[in-house]
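Trainee: I have a structure here, written as structure tokens, and I will follow up with some questions on it.
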Amino acid sequence: MKLSTHYHLSFICLFGIATIGFSQQKVTYKAKNFGPAQVLEASIGNTGESFSFQIAEHDMGPNGPWAKEVRRLESQGIVASPEDAPKGYELLLSVSFQNAFKFPIQPEDSVFISVSDFKQGLMERAAFEKDFNTLDKGRIASEKNTLQSKKLSIEEKTRAISAQLQAGQISPQEAMKQIEALTNPLLEEVDAAYATNIAPEEVEENNNYSIFFMDTLDISHTHVFEGVLHIITFDKTKLVATLSGKHIVECMDVVRKNSPSPEACGQVQSSLSPQLKVLREEQVQLSINTAFERFTDNRN
């Protein structure tokens with residue numbers, strides 16, 4: 001009877017500990033709730049201008065259970081099937097600030113970030129294309145041809161100087177002097193060239209975030225395109241944050257990607273990013289309220 005009671009109490013204690021641990025982890029991405037996670041960590045970058053957060057139901061790293069199982073099977077001459085790999089959710093969140101951010105972040109000084117890395121990249125691309133379209137391409141081509149012709153001439157004369165040096169007809173100092181006399185005018189022309197002096201339009205750098213979600217149950221991954229990330233709390237033990245916005249869904253399934261059906265995978269033109277073909281685009285909500293298994297502060 002005592003033995004049975006002992007086991008009963010042990011079970012209650014273990015269940016209680018597991019429940020307490022899981023109750024400290026509440027992460028939901030578009031109505032998909034994370035179960036107990038094997039990876040749950042956060043870190044601050046070495047300049048104090050960035051931080052990252054990762055949660056994964058399964059540790060797929062080189063020291064995780066699946067990698068160990070693959071090595072065990074290989075030691076027996078068995079090739080592990082990718083179909084047998086554990087399936088679940090993984091979320092990566094990273095935030096980049098223009099300056100070192102105040103740490104810890106508490107509710108009274110919570111942070112709102114309205115630009116995704118995706119959108120920041122599109123703004124930079126648009127600025128580049130605008131600059132490119134205003135360039136005098138004929139002048140650039142003419143300068144390039146002229147400089148290339150002069151470069152070939154200098155290379156030929158330089159080979160002749162090197163031959164004189166090897167024959168002992170001139171000293172190394174004289175050879176260097178003659179080569180500099182040939183190359184310096186060309187370098188000055190390059191510095192003065194139109195293409196060299198084009199000043200690209202400055203694109204405003206913003207605090208921005210990157211949110212990447214992977215679902216190996218339906219073999220898809222998403223990248224948040226827009227929305228406001230609200231960081232309510234971030235300290236050495238906990239992250240509380242929310243986001244409401246839009247994301248781009250792409251699939252990782254090779255079979256679907258190679259399907260002739262336009263709707264199968266990644267062949268629908270994105271309305272958010274003209275350069276992309278995606279599986280779909282939709283609204284997304286993210287809620288994070290979790291403690292960490294590991295926290296790393298890399299600040300110098």
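Trainee: How far is it, in nm, from the label point at Thr196 to the one at Asn298 when both lie 7 Å from their Cα along the line to the Cβ?
Mentor: Distance between label points: 3.7 nm.
Trainee: Taking θ as phi - 60°, what are the ³J(HN,Hα) couplings along segment 138-146 by the Karplus curve (6.51, -1.76, 1.60), each to the nearest whole Hz, with x for Gly and Pro?
Mentor: Each residue's phi maps through the Karplus curve to give x, 5, 4, 5, 5, 4, 4, 5, 5 Hz.
Trainee: Looking at segment 97-163 from every direction and averaging, what is the projected area of its Cα convex hull in nm²? Don't skip to the answer; put the middle values down first.
Mentor: On the way: hull surface 39.3 nm².
Convex hull of Cα atoms, orientation-averaged projection: 9.8 nm².
Trainee: Further question: Sort Ile231, Ile170 from largest to smallest accessible area, using a 1.4 Å probe on the heavy atoms of the protein chains.
Mentor: Details: Ile231 0, Ile170 30 Å².
Ranked from most to least accessible, the order is Ile170, Ile231.
Trainee: Exactly which trypsin sites (Lys or Arg not before Pro) in segment 61-115 are in a DSSP loop and have at most 13 other Cβ atoms within 10 Å?
Mentor: On the way: sites: Lys68, Arg71, Arg72, Lys87, Lys102; in loops: Lys87, Lys102.
Sites meeting the loop and neighbour criteria: Lys87, Lys102.
Trainee: Moving on to the next point. So for Thr222, Thr47, Thr183, what's the accessible-area order with a 1.4 Å probe, most first? Write down the numbers at each step before the final one.
Mentor: On the way: Thr222 5, Thr47 85, Thr183 40 Å².
So, going from the largest accessible area down, we get Thr47, Thr183, Thr222.
Trainee: Out of the chymotrypsin sites (Phe, Trp or Tyr not before Pro) in segment 145-252, which ones are loop residues according to DSSP with at most 14 other C-beta atoms within 10 Å?
Mentor: Tyr194
Trainee: Take the solvent-accessible surface of the protein heavy atoms, probe 1.4 Å, and return the percent of it on segment 66-188 that carbon and sulfur atoms account for.
Mentor: Working: 4600 of 8370 Å².
In segment 66-188, the share of accessible area belonging to carbon and sulfur is 55 percent.
Trainee: May I ask you to rank Asp215, Asp109 by accessible area, largest first, using a 1.4 Å probe over the protein chains only?
Mentor: Numbers: Asp215 5, Asp109 45 Å².
Heavy-atom accessible area, descending, gives Asp109, Asp215.
Trainee: Would you mind computing, in nm to one decimal, how far apart the modelled labels at Ser244 and Asn289 are, each placed 7 Å from Cα along Cα→Cβ?
Mentor: In this crude label model, Ser244 to Asn289 measures out at 1.6 nm.
Trainee: Here's another thing I want to ask about it. For segment 64-73, in order, what is each residue's ³J(HN,Hα) by Karplus, 6.51 cos²θ - 1.76 cosθ + 1.60 with θ = phi - 60°, in whole Hz (x at glycine and Pro)?
Mentor: Karplus values, whole Hz, x for Gly and Pro: x, x, 5, 4, 5, 5, 4, 5, 4, 5.
Trainee: Calculate, for segment 72-183, the solvent-accessible area per residue in square angstrom, rolling a 1.4 angstrom probe over the heavy atoms of the protein chains.
Mentor: Numbers: 7580 Å² over 112 residues.
Spelled out: the 1.4 Å probe surface of segment 72-183, per residue, equals 68 Å².
Trainee: With θ set to phi - 60° and the Karplus curve 6.51 cos²θ - 1.76 cosθ + 1.60, what are the ³J(HN,Hα) couplings of segment 210-225 in order, to the nearest whole Hz, using x for Gly and Pro?
Mentor: 10, 10, 10, 10, 10, 10, 7, 6, 10, 6, 9, 9, 10, 9, 5, 8
The values are calculated or read from the model by the stated rules, or taken from the named source; none is laboratory data. Quick caveat, the model's predicted, so the values are computed rather than measured. Positions of Cβ are backbone-derived with ideal geometry, glycine not excepted, and every protein chain shown enters the neighbour counts. These area figures cover heavy atoms from the full protein model, side chains too; ligands, DNA and RNA do not enter into them. Shrake-Rupley method; radii C 1.70, N 1.55, O 1.52, S 1.80 Å.
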